[in-house]
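To keep things clear, I will list the structure first and then write my remarks on it.
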Amino acid sequence: MRRLLAACLLCVSASALADGQATLVDGSGDPESAVTARWIGDQLRLDFPRHAAKGYLLLRDGKGHVVTNFGGQTVVLGIRDVQSIAGQLGGQDLSDLGSYQAQQVLSLEPVGTRESVAGIEGEVYRLDWITQEGDRREDELVLSQRPEVIELLRVVDRYQSILSGQPDPVAARLEQQGLGLLRFGDKFQVASLTATSPDPALLALPSQSGNVGELLRSVIQ
C-alpha cells in the first residue's frame, strides 16, 4: 500500500477539473491494495477499503486533511499532521517519498506495443528517470490520451502537490505530450474509471469532535 500511494502521487499537473471516480490497485491487481478516488472539481477524497475503519484523506480548498476516528470521535488533521499518521491509513510517510518522486526525466519513449488497462487501450512507453534520492530507474508505463485518464492523474496530482510541495518532472513531461497514466510499472494500475459524479456529501469536511493532540500522542507512542 505504501508503494501504491506513493506511485499514484507522481504524475500530471493540475488544471480545470471535472468530476469522477476511480479505483487504483498495485501492479499485481491485488484487490487488498485498492485505493478509491472520488472527486468533484478540485475536491478529492481518497479511501483505503482495507483500512476503512481508520479514516480517509480529503482535499478541499487547496488544503489536505486526514479524517479519522479516535475513541468513537471524529478527528480532522491538517496536512502537517499527515506525516505522523499516514502509515496508520496504509499511506506513505513523507520521509519516504523521495524514492518515488522524480528529480529528472531522462527519456520517455514508446516501445511500439499497446495494452488494455481497466478496459481502456493505451500505448506502452519506457520511462528512464532519476529519483529525488539520485537513483536511476527505468519503468514501463501505459499511457493514454483519453480525457478521463488525464483527468484522474490531474486530480491525484493536486493532492501530491500539497503533500510534497514540489513539482514533478514526470508530470510536466506527460502534460507536454497530452498523456494520462493507466499503469506505472509494477507499482500501480487503474482498476476502474468513470466520469460519474460522486455524492457531494462524501467530500464534505466533517465537524471535529475529537482532540488532535491526544490522537497524535497516541499514534507516536
Contact list, first residue from segment 126-137 and farther than 8 Å from Leu108 by Cβ, second anywhere and exposed (fewer than 12 other Cβ atoms within 10 Å of the Cβ), beta-carbon distance below 9 Å, six or more apart or interchain, is Trp129/Ser107; Trp129/Arg136; Trp129/Glu138; Ile130/Arg136
Restricting segment 9-43 to residues that are modelled with pLDDT of 85 or more and among the hydroxyl-bearing types (Ser, Thr, Tyr), the one surrounded by the most Cβ atoms within 10 Å (Cβ to Cβ) turns out to be Ser33
Counted residues in segment 96-117 being under 21 Å from Asp26 (Cα atoms) and modelled with pLDDT under 95 come to 7
Here the qualifying pairs (Cβ atoms under 8 Å; residues six or more apart or on different chains; first in segment 44-71 and more than 19 Å from Asp19 (Cα to Cα); second of a type in the set (Asp, Glu)) come out as Arg50/Glu32; Val66/Asp81; Phe70/Glu214
*Look at Leu153 and say whether it is crowded, with 22+ Cβ neighbours inside 10 Å and farther than 21 Å from Gln43 by Cα.*
no
Checked against (1) within 20 Å of Val124 (Cα to Cα); (2) surrounded by 15 or more Cβ atoms within 10 Å (Cβ to Cβ), Ser161 satisfies every condition except (1)
Taking first residues from segment 180-207 that are farther than 22 Å from Gln73 by Cα and second residues anywhere that are surrounded by 13 or more Cβ atoms within 10 Å (Cβ to Cβ) and basic (Lys, Arg), the pairs with Cβ under 6 Å that are 6 or more apart or on different chains are Lys187/Arg3; Gln189/Arg183; Pro198/Arg38
Checked segment 26-50 for anything assigned to a helix (DSSP H, G or I) and closer than 17 Å to Leu202 by Cα; matches are Pro49
When restricted to Arg154, Arg158, Arg126, the only residue of a type outside the set (Phe, Trp, Tyr) and at pLDDT 90 or above is Arg126
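The values are calculated or read from the model by the stated rules, or taken from the named source; none is laboratory data. Just so it is clear, the structure is predicted and the values come from calculations on it, not from any experiment. For neighbour counting, all protein chains shown are included, and Cβ atoms are generated from backbone atoms with ideal geometry for every residue, glycine included.
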